[in-house]
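Asker: Let me begin by handing over the structure; questions about it come next.
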Amino acid sequence: MDSQHWRATITAAQSGDRQALDELVAGWLPLVYNIVGRALNGHADVDDVVQETMLRAVDNLGSLRDPDSFRSWLVAIAMRQIRDRARRRRTPDRLEEAAASDFAELTVLRLQLEGQRREVAEAVRWLDDEDRQLLSLWWLEVAGELTRRELAAAVGITRQHAAVRVQRMKERLETSRGIVRALDGACPGLRELTGRWNGRPDSVWRKRLARHIRGCGYCGGTHETVVPAERLLVGIALVPLPVGFTLSLAFGGKTAVAATSAGWSAKLLGALTKPAVAMTAGATMVAGGAYVVTQPPDAPPPRAAVTPTATATSEPPPSASPAPTPTPTPSPSATKKAALYGTVVDAVDRAPDPDARPAALPRRPESGITSTGGPRAVMQHRGDSVTLSGQGYVLVRWQISPHARPGGVVMPSWTGLKGKLFHVASGGSRRMDDPLPGAPNGYVTGMGGPDIGYAVLPPGTQQMWQNEYFYVDGTVTLTQNERGCDYGIAVFPSSWQAVDKDVNEGPAQGAIRYGLVRDTGTDSAPVPQYVTRSTPADPATVPQRSRV
């Protein structure tokens, strides 16, 4: 859902609109449930902590000044409730004694995880409470549900400190993954060691088993490439709320008088007690504020997400290319009709040889481009946009930042197109997945490295180059849709001379490769993969296809 819609929904809920309040709870309850469930690993207190989080959010909704900060505000409330619950119990290391349903197992079953994704979910059991709380946020960050800024705010630390904390947690998670992998094996020494183990994961046994694995050739070896956790979590959906999950938002056990004295507004009390029923996807909000999760008899099971492979950021296999749009056989009267604009699919390609010179760049008319972002629009945050108008060339320059936040790239999109738009060339002397010899800070390619994590493209997406060139003849808006991996793009009005010079600067000038010309000079030239003539409420939902 786009931020503008949620802003309006939150504002309406603050004014006592019952339908808006229902939608707000239904929309954000799954996020809270996943954070609390994973942080407490399915402990019996999960329902209580979720209930208290949502009650506090509803109770204090009127104090929220900026609707745009609702998500980070809600996540911070959830984390405070998790920490308060740990302080009340005073025995945070014995969570498993009262476990209602192991959240790791629930994640595997409900999301149908297999292979290394299952391994990551099960490794969570071996983390300490503090690491598990941080992982509950990082998991959603990598999956594209939270930003690093929101993660840091929820924990109450700076982004720099959050990066350090996350890196240390990831190291312990990888150690725990090795334990899960080893326990699935048949090492005689490990069987002897675990003969004294009660089967409950804890920090003491994590250290013992990790020490054994480091010194054991059998357990330490693996027959497959170990994919970094952040690449495995890209695209994983939220764990659905269990059928029968009940959340009472009426007064949390309070009477109307007590609720009023606690600061509940008259409008909000009226909304919660209004006799109304709101149906949501798989859930029902009934009079009195009771939220009950239901499931129709014919509801399909959750769809398993596609698992990225270890080579997800390298050159894609031919099978990853989207099927070309079939062209119907023309009738005799239409055989001479020109091809329609936008009928060519911009299929995934392999990187050309570094010594392969580009084809000649056709020259298109240039009357000039105006940009709402000026001569250089830098877009670093989700929702940033720039509108381009006129006739001429445009440069979109990429900067991927997995050191700040790795994971899935939610691609920028072109919306509200009036006229024509072509993808004419790729340059910058390298593709973003080219090796970077001597690269600092853990990078192996422009898409990241094992030390910092990787940026992962949606399946079938064209691999970006450092510089991507487009030709605009009309008006179009480009929107930055960052949600998973951290990235930025700079947008410059350009010229044919600048494009031609860029794509022809090759290895002789110290670059990795020459550029790539895509323009055919006609309407059969490729168009961007994420483009539409419509203006969707959320630009990130533009279909991945090159047809307009």
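The values are calculated or read from the model by the stated rules, or taken from the named source; none is laboratory data. Owing to the predicted nature of the structure, the values given are computational and were not obtained by experimental measurement. In this analysis, Cβ positions are derived from the backbone assuming ideal geometry, glycine residues included, and neighbour counts consider all displayed protein chains. To get the accessible areas, we keep the full protein, side chains included, count just its heavy atoms, and leave off ligands, DNA and RNA. Shrake-Rupley method; radii C 1.70, N 1.55, O 1.52, S 1.80 Å.
Asker: Once you place label points 7 Å from the Cα toward the Cβ at residue 149 and residue 436, how far apart are they in nm?
Answerer: Output for this residue pair reads 2.3 nm.
Asker: Which percent of the accessible area of the stretch 103-233 is formed by carbon and sulfur heavy atoms (probe 1.4 angstrom)? Provide the component values of the computation, followed by the final result.
Answerer: Working: 2840 of 5950 Å².
Whole-percent figure for carbon plus sulfur exposure: 48.
Asker: Another one. At 0.36 nm per residue, and after removing the present C-alpha to C-alpha distance, how many nm does the segment from residue 159 to residue 130 gain when stretched out fully? Walk me through the numbers before you get to the answer.
Answerer: On the way: separation 29, 0.36 × 29 = 10.44 nm, distance 1.73 nm.
Value of the extension gain: 8.7 nm.
Asker: Continuing with this model, one more query. Can you return the aspartates and glutamates within cross-link range of residue 418? Criterion is Cα-Cα under 14 Å, with same-chain partners fewer than 8 residues away left out.
Answerer: Residue 418 reaches 473.
Asker: Sticking with this structure for a sec: Report, to the nearest whole %, how much of the accessible area of the stretch 1-56 belongs to carbon and sulfur atoms, 1.4 Å probe, protein only. Please list the in-between numbers first.
Answerer: Working: 820 of 1870 Å².
In the stretch 1-56, the share of accessible area belonging to carbon and sulfur is 44 percent.
Asker: A further question follows. How would you order 162-169, 191-198, 424-431 from highest to lowest mean count of nearby Cβ atoms within 10 Å? Let's see the in-between values first.
Answerer: Values: 162-169: 17.8, 191-198: 11.2, 424-431: 23.6.
Averaged packing, sorted descending, gives the order 424-431, 162-169, 191-198.
Asker: Evaluate E = 1/(1 + (r/R0)^6) for residue 225 and residue 200, where r is the Cβ-Cβ distance and R0 equals 22 Å; express this FRET efficiency to the nearest 0.05. Write out the running numbers ahead of the final one.
Answerer: Working: r = 31 Å, r/R0 = 1.40.
My answer for the efficiency is 0.10.
Asker: Arranged from highest to lowest average of other beta-carbon atoms within 10 Å per residue, in what order do the peptides 370-378, 386-394, 201-209, 463-471 appear?
Answerer: Working: 370-378: 14.4, 386-394: 19.6, 201-209: 16.7, 463-471: 24.6.
Output ranking for 370-378, 386-394, 201-209, 463-471: 463-471, 386-394, 201-209, 370-378.
Asker: Moving on. Ordering 418, 170 by accessible area with a probe of 1.4 Å, largest first, what comes out? Please report the intermediate quantities before stating the final value.
Answerer: Values: 418 145, 170 25 Å².
The most accessible residue leads, giving 418, 170.
Asker: Further question: Would you mind classifying the stretch 395-548 by shape? Square roots of the alpha carbon gyration tensor eigenvalues, ordered a ≥ b ≥ c; an a/c under 1.5 is rounded, otherwise it is prolate if a/b is larger than b/c and oblate if not. Before the final figure, lay out each step's value.
Answerer: On the way: a/c = 2.27, a/b = 1.20, b/c = 1.90.
Note, shape of the stretch 395-548 comes out oblate.
Asker: Let me ask something else. Output the peptides 355-367, 49-61, 33-45 sorted from most to least packed, where packing is the average of other Cβ atoms within 10 Å over each peptide's residues. Walk me through the numbers on the way to the answer.
Answerer: On the way: 355-367: 13.8, 49-61: 20.4, 33-45: 24.3.
For the peptides 355-367, 49-61, 33-45, the packing ranking is 33-45, 49-61, 355-367.
Asker: Measuring with a 1.4 Å probe in the full set of protein chains, what accessible area per residue, in whole Å², belongs to the stretch 411-548? If you can, show how the numbers build up before the last one.
Answerer: Values: 4670 Å² over 138 residues.
Spelled out: the 1.4 Å probe surface of the stretch 411-548, per residue, equals 34 Å².
Asker: Still on this structure: Does the stretch 335-400 classify as rounded, prolate or oblate by the C-alpha gyration tensor (a ≥ b ≥ c root eigenvalues; a/c under 1.5 gives rounded; else a/b over b/c gives prolate, otherwise oblate)? Don't skip to the answer; put the middle values down first.
Answerer: Values: a/c = 1.75, a/b = 1.26, b/c = 1.39.
Because a/c hits 1.5 or more and a/b fails to exceed b/c, the stretch 335-400 counts as oblate.
Asker: Additional query: How much of the accessible area of the stretch 398-548, probe 1.4 Å, is carbon plus sulfur, in whole percent?
Answerer: Working: 2640 of 5000 Å².
Exposed carbon and sulfur together represent 53 percent of the surface.
Asker: Hey, how many Å between the Cα centroid of the stretch 396-412 and the Cα centroid of the stretch 129-192?
Answerer: 21
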